[in-house]
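Enquirer: For reference, the structure I am asking about is given below.
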Amino acid sequence: MKKLITIVLSTLVASAFAPASAADVQSRIIRFGFGLTDDSNMGRGVKEFADEVSKLSAGKLKVNGF
């Protein structure tokens with residue numbers, strides 16, 4: 001879980017320095033395969049990650065976990 005949080009935070013920090021503004025970004029869907037059930041710790045983590053990404057990107061980015 002600590003590794004997942006580190007990856008998520010690293011991705012968010014890296015995207016903060018992107019030259020494009022949020023208005024210029026098209027809607028994107030990120031597919032996140034984790035091979036476990038949605039009830040597992042990983043499944044709940046992916047759901048939380050998807051919610052945070054959607055909130056921080058104002059709905060421009062969506063994460064589909066499977």
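The values are calculated or read from the model by the stated rules, or taken from the named source; none is laboratory data. Predicted, not measured: the structure shown is a model, and the values here were computed from it. No Cβ is skipped: glycine too gets one built from the backbone with ideal geometry, and neighbour counts run over all protein chains shown.
Enquirer: Report, by residue number, each residue of the range 11-29 that is at pLDDT 85 or above and not hydroxyl-bearing (Ser, Thr, Tyr). Step through it out loud before you land on a result.
Expert: To start, the set of residues in the range 11-29 that are at pLDDT 85 or above comprises 27-29.
Result: Arg28, Ile29.
Enquirer: Filter the range 42-66 down to the residues that are at negative phi and surrounded by fewer than 11 Cβ atoms within 10 Å (Cβ to Cβ), then identify the one that is nearest to the chain's Cα centre (by Cα).
Expert: Going through the qualifying residues, I end up with Lys55.
Enquirer: Is it the case, given these coordinates, that Phe32 is modelled with pLDDT under 80 and of a type in the set (Phe, Trp, Tyr)?
Expert: For Phe32, the condition - modelled with pLDDT under 80 and of a type in the set (Phe, Trp, Tyr) - is not met.
Enquirer: Collect the residues in the range 26-66 that are basic (Lys, Arg) and touching a helix residue (DSSP H, G or I) at 6+ places or on another chain (Cβ under 8 Å), keeping them in residue-number order. Give the steps one after another, and end with the answer.
Expert: Let us first name the residues in the range 26-66 that are basic (Lys, Arg), namely 28, 31, 44, 47, 55, 60, 62.
Hits for the range 26-66 are Lys60, Lys62.
Enquirer: Could you grab me the full set of residues in the range 44-53 that are closer than 13 Å to Leu12 by Cβ and touching a strand residue (DSSP E or B) at 6+ places or on another chain (Cβ under 8 Å)? Full working, then the answer.
Expert: Going residue by residue through the range 44-53, those that are closer than 13 Å to Leu12 by Cβ are 49, 52-53.
Hits for the range 44-53 are Phe49, Val53.
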